[in-house]
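I have placed the structure first, in the form of structure tokens, so that the comments after it can refer back to it.
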Amino acid sequence: MRRSDENGHAEPLLAVQGLTTEFDTEDGVIRAVDGVSFDVFPGETVSLVGESGCGKSVTALSIMRLIQSPPGRIAGGQVMFEGRDLLALDEREMRAVRGGKIGMIFQEPMTSLNPVLSIGRQITEPLELHQKMSSSESQRRAIELLDMVGIPAPDQRFRDYPHQLSGGQRQRVMIAIAMSCNPALLIADEATTALDVTIQAQILELMKSVTSQAGTALLIITHNLGVVARYADRVNVMYAGKVRESGPADAIYHRTRHPYTAGLLHSVPRLDRIAGERLDPIPGEIPDPGHRITGCACRERCRFAVERCTSEDPPIAEVSPGHSTACWEHEQVAAEVRAVSS
Amino acid sequence: MTIQSSPTAPPSADAVSSTPLLDVRDLRVHFPIKRGLIFQRQVAAVKAVDGVSFSIRPGETLGLVGESGSGKTTIGKAIVRLVQSTGGNIEFDGADITSLKGSSLRAVRRQMGIVFQDPYGALNPRMTAGNVVGEPLKVHKVTSGKGEYLDEVARLMETVGLNPAMMNRYPHEFSGGQRQRIGVARALAAKPKLMILDEPVSALDVSIQAQVINLLQDLQEQFNLAYLFIAHDLSVVRHISDRVAVMYLGKIVETADARQIYDNPLHPYTQALMSAVPVPDPRIERQRTRVVLSGDIPSPIAPPPGCVFHTRCPIAIDECSQALPESRELESGHRVACIRAGTG
């Protein structure tokens with residue numbers, strides 16, 4: 001993990017502060033992202049993890065300014081990237097950031113790729129646009145990129161169309177496109193969720209190796225706690241639009257300070273545990289995004305909840321250097337985690 | 001290839017007896033690919049399931065794990081006869097059900113419940129939850145009279161953790177986890193002995209998935225159900241299963257009990273699959289070795305000759321492309337179809 005540049009300055013590459021995104025619906029305004037803050041330092045791998053509707057994808061789309069308006073709008077906060085607030089840029093400046101300094105990969109490669117353009121053209125386009133390459137230069141670079149992401153016979157596949165590729169190969173092409181302009185940050189939003197297990201492993205290994213070779217920071221957005229454990233340096237756990245716990249991966253998994261994080265970890269069957277051991281799931285249902293309650297949004301499903309949780313929403317606060325939680329009862333959670341692990 | 005449950009293997013629970021409830025021998029399901037508009041001729045076949053054998057004892061869970069196109073779903077459909085098998089036979093409760101028709105088929109189906117993956121697509125949106133759950137009661141004439149019917153529907157809903165007061169609501173008014181509970185209640189309605197669970201928790205969020213897994217385990221204990229648990233997620237399959245069968249391109253490559261499959265996987269595909277599944281613990285992840293398979297899963301229309309896995313196998317030798325590997329029992333109850341397994 002690299003948390004500072006060569007000169008030792010601890011300057012984040014991306015600093016999201018108080019990001020708030022709302023959507024107008026028939027049932028009123030829904031605040032999908034509610035004051036989210038987190039940092040990504042150059043070259044590190046950070047994860048946003050959470051279940052459906054927690055706001056992790058909307059956070060990514062907000063960073064890229066891809067929220068459709070109406071019905072959506074970014075209602076507050078800052079997205080500082082390389083010293084500039086992305087939320088203050090005009091559309092022309094923002095286009096230079098998207099696919100230029102920030103690459104992005106989505107879950108469904110078939111809908112992210114243009115079906116009527118050859119994959120070669122889809123890689124050369126950003127190179128010509130952002131890096132002002134000539135068409136022969138960009139073609140050479142595109143074949144290099146296809147080779148880098150492990151597409152066999154890249155000079156022939158260059159002319160192929162997305163439907164001629166398998167799901168895994170399409171995601172490889174997406175990585176080639178996202179990495180084409182040497183971005184400082186690659187955002188992967190559930191990039192491997194739709195793929196088979198062995199292909200998922202291939203794509204994640206590829207993503208990790210190309211970003212670490214290029215010194216690109218990686219923001220992994222996922223619901224899979226195993227993927228997070230395998231790849232992330234730092235983790236942000238989201239629930240109901242907010243970051244509930246944030247810290248180094250080891251701290252999140254082994255010195256858990258939030259009941260929701262603990263609940264998630266107890267819910268997943270683990271390959272390394274004795275088969276047939278009973279799971280200890282979080283009770284209740286995942287709330288609708290529009291469902292907002294007073295105090296802490298986690299309290300309805302939380303067995304640590306106390307009186308105070310109904311009236312006051314706990315702010316996220318540091319419990320040890322780099323490790324923060326938003327819970328009034330985090331000491332109790334920590335005590336229980338210690339008791340179980342000892 | 002034959003995979004047999006070893007008679008010497010100790011039963012995993014007291015409730016598990018040694019005579020199989022379901023016994024599948026050399027099952028084949030090939031889907032023809034046809035050409036021509038008027039005079040259709042078969043030009044090839046998708047060998048979705050190609051010579052699969054396994055058995056399930058009463059009260060036991062067999063996990064069937066594999067990636068897309070491995071044929072795991074087709075096996076489930078062939079057992080309930082939603083697709084017709086091309087070869088092999090299926091015995092249920094001692095009787096051959098491979099080519100049953102009409103009322104005798106319906107009688108057998110009554111003893112099998114099936115739960116599908118997609119809790120949104122598997123329920124008729126125009127039927128209330130109560131009618132969905134109660135339909136098998138009517139089809140199989142389980143209850144007589146409206147009062148008994150309603151009592152039974154309410155009881156079934158309670159059994160799966162749903163409030164019977166929600167009987168008159170429609171599927172869209174339920175969450176994904178609740179819909180899956182409705183699907184489970186429907187499958188239970190006719191009091192089956194065997195449940196075929198096809199990716200029953202894959203579409204659910206982590207916290208809801210755990211609730212449904214616990215429910216399935218409770219129901220199994222309560223009603224002594226046998227489960228065929230079909231899924232791609234090895235951690236889930238291993239968690240819920242007594243024994244696990246690993247499929248690749250229409251064939252079972254390895255069967256072992258749930259403990260052995262993790263402690264001592266013998267087939268190179270099982271090893272790769274195991275390695276591809278991350279464990280939610282960064283400390284353990286840092287120590288694990290990773291076997292990353294190259295290439296994609298070949299098409300089941302033209303599977304590779306010899307061992308179907310040899311094109312992606314890290315330890316394949318020339319012989320692997322020559323002949324289909326025989327399934328061998330290397331430990332008690334642990335069968336593997338690989339000529340290199342156990343050779344170091």
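Evaluating kT/(6 pi eta Rh) at 10 °C and 1.306 mPa s, with the Kirkwood radius of segment B:59-156 over Cα pairs in the Stokes-Einstein relation, gives 100 µm² s⁻¹.
Largest to smallest in accessible area, the residues B:Glu199, A:Glu125 fall in the order A:Glu125, B:Glu199 (1.4 Å probe, all protein chains included). Among B:Phe174, A:Phe106, the sequence by solvent-accessible area, most first, with a 1.4 Å probe is A:Phe106, B:Phe174. Treating r as the C-beta distance of A:Lys208 and A:Arg84 and R0 as 30 Å, the FRET efficiency rounds to 0.65.
Against the empirical 2.2 N^0.38 Å (N residues), segment A:51-199 has a Cα radius of gyration ratio of 1.09. Accessible area of A:Val337 (1.4 Å probe, protein heavy atoms only, ligands and nucleic acids ignored): about 30 Å².
Shape class of segment A:1-115 from the alpha-carbon gyration tensor: prolate, with a/c at 1.5 or above and a/b greater than b/c. Here the sum of -39500 (n - 2.57) over DSSP H runs of 4 or more residues, divided by the residues of the protein assembly as shown, equals -9500 deg cm²/dmol at 222 nm, to the nearest 500. Quick check: from the Cα gyration tensor, does segment A:116-261 come out rounded (a/c under 1.5), prolate or oblate? It comes out prolate by the Cα gyration axes.
Across segment A:112-180 the C-alpha pair distances fall into 10 Å bins from zero in the proportions 24, 61, 15, 0 percent. Averaging 1/r over every pair of different alpha carbons in chain B and inverting the result gives a Kirkwood radius of 21.3 Å.
Accessible surface computed residue by residue for chain B, with neighbouring protein chains in place and a 1.4 Å probe, gives 43 Å² per residue.
The tail of the calculated P(r) for chain A beyond 39 Å holds 16 percent of all Cα-Cα pairs.
Of all DSSP beta bridges confined to the protein assembly as shown, the antiparallel ones make up roughly 60%. Close Lys pairs in chain B, defined as Cα atoms under 25 Å apart and 8 or more places apart or on different chains, number 28.
DSSP beta bridges confined to chain A are antiparallel in about 60 percent of cases.
Legend: residues B:Arg283, A:Arg230, sorted from most to least accessible area (1.4 Å probe; ligands, DNA and RNA excluded), read B:Arg283, A:Arg230. Taking a ≥ b ≥ c as the square roots of the Cα gyration tensor eigenvalues, with a/c under 1.5 meaning rounded and otherwise prolate when a/b beats b/c, else oblate, which class fits the protein assembly as shown? Here the protein assembly as shown falls in the oblate category. Using Stokes-Einstein with the Kirkwood hydrodynamic radius over Cα pairs, what translational diffusion coefficient do you get for segment A:195-342 at 10 °C and a viscosity of 1.306 mPa s, in µm²/s rounded to a whole number? Diffusion coefficient, whole number: 94 µm²/s. By a 1.4 Å probe calculation restricted to protein chains, A:Phe41 has an accessible surface near 10 Å², given to the nearest 10.
Output the antiparallel fraction of DSSP beta bridges having both residues in chain B, as a percent to the nearest 5. Within chain B, antiparallel bridges account for around 60 percent of the total. The lysines whose alpha-carbon is closer than 17 Å to the alpha-carbon of A:Lys101, local same-chain residues fewer than 8 away aside, are A:Lys132.
Rounded to the nearest 100, the interface formed by chains A and B buries 4100 square angstrom of accessible surface, both chains summed, with a 1.4 Å probe. If you add up the charges near A:Asn114, with Lys and Arg at +1 and Asp and Glu at -1, over every other residue whose beta carbon is less than 11 angstrom from its beta carbon, what do you get? Neighbourhood net charge equals 0. Size check on segment B:159-301: the Cα extents along the three principal axes, sorted descending, read 51, 33, 33 Å.
Annotation: aspartates and glutamates with alpha-carbon distance below 13 angstrom to A:Lys208 (same-chain offsets under eight excluded): A:Glu44, A:Asp233.
The values are calculated or read from the model by the stated rules, or taken from the named source; none is laboratory data. Just so we're clear, the structure is a prediction, and the values are computed from it rather than from any experiment. Using ideal geometry, Cβ is built from the backbone for each residue, glycine included, and neighbour counts are taken over all protein chains shown. Quick note on the areas: whole protein, heavy atoms, side chains included, nothing else; ligands and nucleic acids left out. Shrake-Rupley method; radii C 1.70, N 1.55, O 1.52, S 1.80 Å.
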